[in-house]
Amino acid sequence: MNLERTSIAISVTQDNRVTFKLLDSIRPNHISFSQYLGLAANEYYGNHNKGVSKITDFTNSEMMSTPLYYSEIEIWKKFVTKMPKSDIKKFQVRQQQLNNLINKRVQGILNE
């Protein structure tokens, strides 16, 4: 596709007509459809480029938004490996919070 031109025609087919109508229905009035289509493409690219987790990464029986707690360690390895860099610190903080809760519980049991 030659994107150096200032105009490019798109084809509205039976397959994509509903999608274009839905996109147009949420487009702000002050933005052209072409500009909004560019914004939608940018958002799509940002959500689907390499390294970004997708909903389909979590559709097997071992995965939910995170793997089941007692899932095989290989599942957890895959989850942590695919986790976006921006989420690793948040995940580590939650893990530390859980460790603190467990440690307090164990101390309570030992002091009984």
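The values are calculated or read from the model by the stated rules, or taken from the named source; none is laboratory data. Keep in mind it's a predicted model, so treat the numbers as computed, not measured. Virtual Cβ from ideal backbone geometry, glycine too; neighbours counted across all protein chains shown.
Taking each residue of segment 61-87 that is part of a helix (DSSP H, G or I) and looking for partners that are at pLDDT below 85 and of a type in the set (Phe, Trp, Tyr) with beta-carbon atoms closer than 9 Å, six or more apart or interchain, yields Phe79/Phe58.
Within the group Thr56, Thr66, which residue is modelled with pLDDT under 90, of a type in the set (Val, Ile, Thr) and surrounded by 10 or more Cβ atoms within 10 Å (Cβ to Cβ)?
Thr66
When the residues of segment 20-53 are narrowed to those that are aliphatic (A, V, I, L, M) and either exposed (fewer than 11 other Cβ atoms within 10 Å of the Cβ) or at pLDDT 85 or above (or both), which ends up farthest from the chain's Cα centre (by Cα)? Before the answer, list the steps.
Step one: of segment 20-53, the residues aliphatic (A, V, I, L, M) are 22-23, 26, 31, 37, 39-41, 52.
Filter once more, keeping what is either exposed (fewer than 11 other Cβ atoms within 10 Å of the Cβ) or at pLDDT 85 or above (or both): 22-23, 26, 31, 37, 39-41.
On the way: Leu22: 21, Leu23: 20, Ile26: 21, Ile31: 26, Leu37: 20, Leu39: 18, Ala40: 16, Ala41: 16 Å.
Step by step, filter segment 20-53, then rank; the result is Ile31.
Among all residues of segment 20-43, there is at least one that is in a helix (DSSP H, G or I), within 30 Å of Val80 (Cβ to Cβ) and free of Cβ contacts under 8 Å to residues at least 60 places away in the same chain.
If the condition is being surrounded by 11 or more Cβ atoms within 10 Å (Cβ to Cβ) and more than 29 Å from Gly46 (Cα to Cα), then segment 69-97 contributes Ser71, Glu72.
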